[in-house]
Amino acid sequence: MPDFIVTPWEVSGEIDYEQIIKEFGIEPIDEKLLFYIKEITKEIHPFLRRKIFFAHRDFKWILDEYEKGNPFYLYTGRGPSGNVHLGHVMPWLFTKWLQDKFDVELWFQLTDDEKFLFNQSLTYEEAYKYSYDNALDIIALGFDPKKTYLFSDIDLSGTLYRNALKIAKKITFSTIKATFGLDNSANIGQIFYTSIQTVPAIIKSIIDEKNVPCLIPHAVDQDPHFRLSRDVLPKLGYYKPASIQCIFLPSLQQGGKMSASIETTAIFTQDSPKDVKKKVNNAFTGGQANAKLQRELGGDPSVCSVFKYHFMLFTLDDDEIRNIESRCRGGDLLCGECKNNLIQKINSFLKKHQEEREKAKDKLDSFLIKEKIDLKAMIREKLKRL
Ligand code: TYM
């Protein structure tokens, strides 16, 4: 039995990213590639420098094409089954950076269909409602409305279904079982679903009626979908989609990723300052049993979830993070101070985010696209014609 599990629907255990690179067949982002990115973007995002975005498929090809004057578009997504947490926000912040640096379109999929099919306790109506709720968090991050298309799968089901059909015909049930670990107890919507997640990887090619490269930023759990997309799409005459992939923001407790299903270990974008304080104060740390021992022996940032939050999201300045690390190891920085520092940073991020989220309620129409089908009106029209 492996010590960890990473699939689009389950992430658990202590994840060995080196092993994932081998098993998934993705490529690490090396210094040469970082140098190439920097040549184009002029600065390198801390997520890249710190190997938080650590792997890719064909990212170099995306840059080569861009340099040749064949620009790409971005595609990413969210499965709206509940409130958004900081783990989800991480790849979206990076996606925004990519949109700003390369000045490209973003297609953002809200997979209410997926969440309805895979989450036994979620109703169709609840999943659809979460699409519109989660859209506020996405808009709050400041994507360019002129270049961003946000859609719920339910709202765009006509286009998605028409194109998913062609994809689905090229995928067998046994491939689905092998790729996703689904078995005979899976409902038939789950078996079909991946073909819907593939469509946005060609949506711009469909609209522009020519092949357009697509780059998909996501955490590594989504890779199995796009591994399949890469198999199938060339058979339909499209490019393989490229990807750039990040590790998981961990749980505030020991092991695993930040997960919405264990509320006390995750920080949600709508948490109050009091919630944040409570959760961070209860977090698993690399500290000693008491202050005296901590001063004598120092702490261990390598296992500390508070340090990981500083490192991955909230202390992106290199000098500052080095300082936290060395003061912790040297016994000079106690957990209380380090936690308070993190609490303040998270709360100031959330304050701004929550303000932008409120404003986003008036911006939904600038971002969302949907197919408006009025079946009753269509029937009336038809009867009138007779
Ligand atoms: P979802 O809603 O599970 O996650 C949304 C995005 O967040 C990433 N993610 C995380 N990243 C860092 N740390 C974490 N703890 C963490 N948890 C989740 C996910 O990898 C994802 O990038 N099926 C998808 C929705 C989707 C999609 C896409 C995602 C549709 N098309 C294209 C990425 C790219 C889902 O349920 O994501």
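The values are calculated or read from the model by the stated rules, or taken from the named source; none is laboratory data. Please read these numbers as outputs of a predicted model, since none were measured by experiment. Because the Cβ atoms are built from the backbone with ideal geometry, glycine has one as well, and the counts that use them run over all protein chains shown. For the accessible areas, the whole protein counts, side chains as well, though only heavy atoms, and no ligand, DNA or RNA atoms are used. Shrake-Rupley method; radii C 1.70, N 1.55, O 1.52, S 1.80 Å.
Points to keep in mind about this one:
- Using a simple spin-label model with pseudo-atoms 7 Å out from Cα toward Cβ, Gln270 and Glu43 lie 3.3 nm apart.
- Residues of the range 1-33 falling in the label zone of Asp183, defined by backbone nitrogen less than 12 Å from a point 7 Å along Cα to beta-carbon, are absent.
- Around Ser195: net Lys/Arg minus Asp/Glu count, Cβ-Cβ under 10 Å: +3
- Heavy-atom accessible surface of Ser251, to the nearest 10 Å², is about 10 Å², with a 1.4 Å probe and all protein chains retained.
- Only Cα pairs under 8 Å and 6+ residues apart enter the sum, and on that basis the relative contact order of the range 5-246 stands at 26 percent.
- Tyr309 sits among other residues whose Cβ lies under 11 Å from its own Cβ, and their net charge, with Lys and Arg +1 and Asp and Glu -1, is +4.
- Unit charges on C-beta of K, R, D, E only; dipole of the range 1-119, Debye: 380 debye
- For the range 263-360, Kirkwood radius (reciprocal of mean inverse C-alpha pair distance, Å): 14.0 Å
- Candidate aspartates and glutamates - alpha carbon under 18 Å from Lys351, same-chain residues fewer than 8 apart omitted: Asp133, Asp137, Asp271, Asp275
- For the chain, with +1 on Lys and Arg beta carbons and -1 on Asp and Glu, the positive-most of Ser305, Leu106, Ser152 along the dipole: Ser152
- Probe 1.4 Å - accessible area at Asp144, Å² to nearest ten: 50 Å²
- Fraction of accessible area attributable to carbon and sulfur, the chain (%, probe 1.4 Å): 52 percent
- With both residues required to sit in the chain, DSSP beta bridges show an antiparallel share near 40%.
- Heavy-atom accessible surface of Trp9, to the nearest 10 Å², is about 70 Å², with a 1.4 Å probe and all protein chains retained.
- Trypsin sites (Lys or Arg not before Pro) within the range 303-386, DSSP loop, no more than 15 other Cβ atoms inside 10 Å: Lys361, Lys363, Lys370, Lys372
- Kirkwood radius and radius of gyration were both taken over the C-alpha atoms of the range 5-246, and their ratio Rg/Rh is 0.93.
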